[in-house]
1. Report the relative contact order of the chain, percent, no decimals, based on alpha-carbon pairs under 8 angstrom and at least 6 residues apart.
2. From the phi of every residue in region 70-75, what ³J(HN,Hα) in whole Hz does the Karplus formula 6.51 cos²θ - 1.76 cosθ + 1.60 yield, where θ is phi - 60° and glycine or proline is x?
3. How big is the charge dipole of the chain about its Cα centre, in debye rounded to the nearest 20, if each Lys and Arg gets +1 on its Cβ and each Asp and Glu gets -1 on its Cβ?
4. Any idea which of Ile34, Pro172, Val61 is furthest toward the positive side of the dipole for the chain, if Lys and Arg beta-carbons carry +1 and Asp and Glu beta-carbons -1?
5. Normalised by the number of residues in region 85-185, what is the relative contact order in percent for Cα pairs under 8 Å and 6+ residues apart?
6. Kindly provide the helix-only [θ] at 222 nm of the chain, computed as the sum of -39,500 (n - 2.57) over DSSP H runs of four or more divided by all residues, to the nearest 500 deg cm²/dmol?
7. Specify the angular offset, from 0 to 90 degrees and rounded to the nearest 10, of the alpha carbon long axis of helix 116-131 from the longest principal axis of the alpha carbons in the chain.
8. Check each of the trypsin sites (Lys or Arg not before Pro) in region 39-102 and keep only those in coil by DSSP with at most 16 other C-beta atoms within 10 angstrom; list them in order.
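Just so it is clear, none of the values below were taken in a lab; they were calculated from the coordinates. All figures in this text were calculated on a predicted structure; none of them were measured in a lab. In this analysis, Cβ positions are derived from the backbone assuming ideal geometry, glycine residues included, and neighbour counts consider all displayed protein chains.
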Amino acid sequence: MIHACYKWRAKGLRSLKLNIRIAESRDLPAVMSIEKEMYGSSQTSTAFEKYLDIFPEGFLVAIADEEIVGFIIVELTRKITVIPKMHEPEAYHRADGKIVYVSGFGVRKDWKVNFEVGKQLYQKIIQLAIKRNCRIIEVICDEKECKDLYELKILKQVGLLKYKTVDWEVAPNKICTHSIWIMKM
């Protein structure tokens, strides 16, 4: 079971404790709220339940002050690919996959001033990739969208590199240009 505890002192603030653990069904309302805050809409609780069922160790939440302040969801795939934003996890996840694909990521708006939450979530995913002998971590990010700029800064901090630019279906019949970021293990 993945569980970690981090402490840091933000400039001018008291020391804060951040716990990262595998998500549980009871966490889904908070995860959905964070996703809606970041992207304007959220997947259904049924979709999130599927992630929990298919690959629980790939669905992590960050907790500070006894509240969920962030989450990250990953799947394992067999090749670098562009997966639609809204998709059925069972269509792409492969238990024997050696590529960690980040399917979902979010940090509460009031916690974005501190990059530590997102950075620690990504570092746990890097540890997961190493543990499972994965070759690559893949993230798709829109460098022009403000909501993705927070994630983009974190990707650079933890060592992911821009791989290529692609047209990505962010919603049915809505294509936007995004960049694929990877980290070779």
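1. Details: 348 pairs, mean separation 31.6, N = 185.
Relative CO of the chain lands at 17 percent.
2. Taking θ as phi minus 60°, the curve returns x, 8, 8, 10, 10, 10 Hz for region 70-75.
3. Numbers: 30 positive and 24 negative charges, 182 e Å.
Here the chain has a charge dipole of around 880 debye.
4. Projecting each Cα onto the dipole axis, the largest value belongs to Val61.
5. Details: 129 pairs, mean separation 30.0, N = 101.
Across region 85-185, relative contact order equals 30 percent.
6. On the way: 5 runs with 55 residues, N = 185.
It comes out at -9000 deg cm²/dmol, rounded to the nearest 500.
7. 50
8. Numbers: sites: Lys50, Arg78, Lys79, Lys85, Arg94, Lys98; in loops: Arg78, Lys79, Lys85, Arg94, Lys98.
Loop-located and lightly packed - Arg78, Lys79, Arg94, Lys98.
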